[in-house]
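A.B. asks: Supplied in structure tokens, the structure appears directly below.
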Amino acid sequence: MDVSFLGGPQPQRGIGVVAPFDFALDRELWRWVPDDISLHVTRTPFVPVEVSLDLARMVSEHETLREAVRALSAVSPEVIAYACTSGSFVGGVAGEMSMTTAMTQAGEAPAMTTSGALLEALRELDVHRLAVITPYTRSVTDSLEEFVRAAGVEVSGRSYLGLTREIWRVGYRDVVTMAREATAADAPDALFISCTNLATYDVIPQLEAELRIPVLSANQVTVWKALRMIGKTAVGPYQALLDPAARASLEALSGLPPLPAAPAPEPYAATAPAGEEGALEAGSAGPVFPEDLGGGRQAG
């Protein structure tokens, strides 16, 4: 059968994505992407280091980023996105800007990072008080808080899991629990869920409805910013950053108390393999690591 009348595949516009070597959520990134956009994902070289400040520095070294951008340049993306939160906040606000400059200079397309996208999203939503939740250890969570404060935004509360590996296994139930803890004491303007290796797409609308504030996540702001740079809109129904109707609804409910807690969606069976360090035990508040003794999860 002659199919030449079809004229070939529909034109695609490309976004280059530089991710850490352990990034496991390619499929989630695609959920925010319109049909006429392709994601071209490359990873940084493997290093035998668990999730930590040291790893964040290694996967954000300028030469590593330049090599990744050069590889992506072969498919001519219109923008380059560095999809790693800790890697882009570990050097502070100045470090994030330096990374963006290094990537832009290495290729022919403009570049951006997850943490830079977070700051733009906070400006977009006029956020002055932010609750943050992370899967990280205390030291990495501290670094995120320092980054946000340096950008002029107050951190009103936080909660973290203390994980150093296999973060992609964390389920929505744990995300919801952290969100409730981080927002319990004070009323923030928004909540940020950090780490591009933490699944969040389905849980954002539920948390926004319950907490009555915008909920941002690392992968969400990354795709939102990258698409915005090429004049496109991310796909995210009932997410305030992306959906004007959802944002208007939250603004109308501003100042009202949160709704009663609802059960969390459960797309994953477990947060980590049973018996491994870092796995959540039944009935526990979270994994305990040496640096976290005295308060693995922390609110306030």
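The values are calculated or read from the model by the stated rules, or taken from the named source; none is laboratory data. The shown structure was predicted, so the numbers you read here are calculated from the model rather than taken from an experiment. Here the Cβ positions follow ideal geometry from the backbone for every residue, glycine too, while neighbour counts run over all protein chains shown. Side chains are part of the model used for accessible areas, which takes the heavy atoms of the whole protein and leaves out ligands, DNA and RNA. Shrake-Rupley method; radii C 1.70, N 1.55, O 1.52, S 1.80 Å.
A.B. asks: Take the Cα gyration tensor of the stretch 85-148, multiply each eigenvalue by 5, square-root it, and list the three semi-axes largest first, rounded to whole angstrom. Before the final figure, lay out the partial values.
C.D. replies: Details: eigenvalues 99, 46, 15 Å².
They are 22, 15, 9 Å, listed largest first.
A.B. asks: I would also like to ask the following. Can you tell me the order of 16-22, 247-253 when each peptide is scored by its average per-residue count of other Cβ atoms within 10 angstrom, highest first?
C.D. replies: So the order, starting with the most tightly packed, is 16-22, 247-253.
A.B. asks: Let me ask something else about it. Only sites in a loop by DSSP and with at most 12 other Cβ atoms within 10 Å count here; which GluC sites (Glu not before Pro) in the stretch 92-188 make the cut? Mind showing how you got there, number by number?
C.D. replies: Details: sites: GLU96, GLU108, GLU120, GLU124, GLU145, GLU146, GLU154, GLU166, GLU181; in loops: GLU108, GLU166.
Sites meeting the loop and neighbour criteria: GLU108.
A.B. asks: How do 85-94, 232-241 rank on mean C-beta neighbours within 10 Å, highest first? Intermediate values should be presented prior to the final figure.
C.D. replies: Values: 85-94: 23.1, 232-241: 18.3.
In decreasing order of mean packing, 85-94, 232-241 become 85-94, 232-241.
A.B. asks: Stretch ALA150-ALA184 to full length: gain in nm at 0.36 nm per residue minus the Cα-Cα span? Provide the component values of the computation, followed by the final result.
C.D. replies: On the way: separation 34, 0.36 × 34 = 12.24 nm, distance 2.38 nm.
Extra length from ALA150 to ALA184 when fully extended: 9.9 nm.
A.B. asks: Another question, if that's okay. Between VAL47 and VAL75, take the C-beta separation as r, use R0 = 30 Å, and let me know the FRET efficiency to the nearest 0.05. Write down the numbers at each step before the final one.
C.D. replies: On the way: r = 25 Å, r/R0 = 0.85.
Efficiency at R0 = 30 Å is approximately 0.75.
A.B. asks: Starting from the Cα of GLN12, step 7 Å along the direction of its Cβ; do the same at ARG165; then give the gap between the two resulting points in nm.
C.D. replies: Rounded to a tenth, the inter-label distance reads 3.3 nm.
A.B. asks: Same structure, new question: Need one number: nm distance between label points at SER38 and ASP126, each 7 Å from Cα along Cα→Cβ, rounded to one decimal.
C.D. replies: 4.1 nm
A.B. asks: Using the Kirkwood formula on the Cα atoms of the stretch 21-113, what hydrodynamic radius do you get, in angstrom to one decimal?
C.D. replies: Numbers: mean 1/r = 0.0726 Å⁻¹.
Computed over Cα pairs of the stretch 21-113, the Kirkwood hydrodynamic radius comes out at 13.8 Å.
A.B. asks: Same structure, new question: Relative contact order of the stretch 1-110, please, whole-number percent, based on alpha carbon pairs below 8 angstrom and at least 6 residues apart.
C.D. replies: Here the relative contact order equals 32 percent.
A.B. asks: Of all the Cα-Cα pairs you can form in the stretch 31-171, what percent are over 27 Å apart? The partial results should precede the final answer.
C.D. replies: Details: 2355 of 9870 pairs.
So the pairs more than 27 Å apart make up 24 percent of the total in the stretch 31-171.
A.B. asks: While we're on this one: Would you work out what percent of the accessible area of the stretch 119-245, with all protein chains in place, is carbon or sulfur (probe 1.4 Å)?
C.D. replies: Details: 1870 of 3880 Å².
Summing carbon and sulfur atoms, their accessible area is 48 percent of the total for the stretch 119-245.
A.B. asks: Residues of the stretch 1-96: accessible area per residue at 1.4 Å, in Å²? Working shown, then result.
C.D. replies: Numbers: 4810 Å² over 96 residues.
Heavy-atom accessible area per residue stands at 50 Å².
A.B. asks: How far apart, in nm, are two points set 7 Å out from the Cα along the Cα-to-Cβ line at ALA248 and at TRP30?
C.D. replies: The answer from the label model is 3.3 nm.
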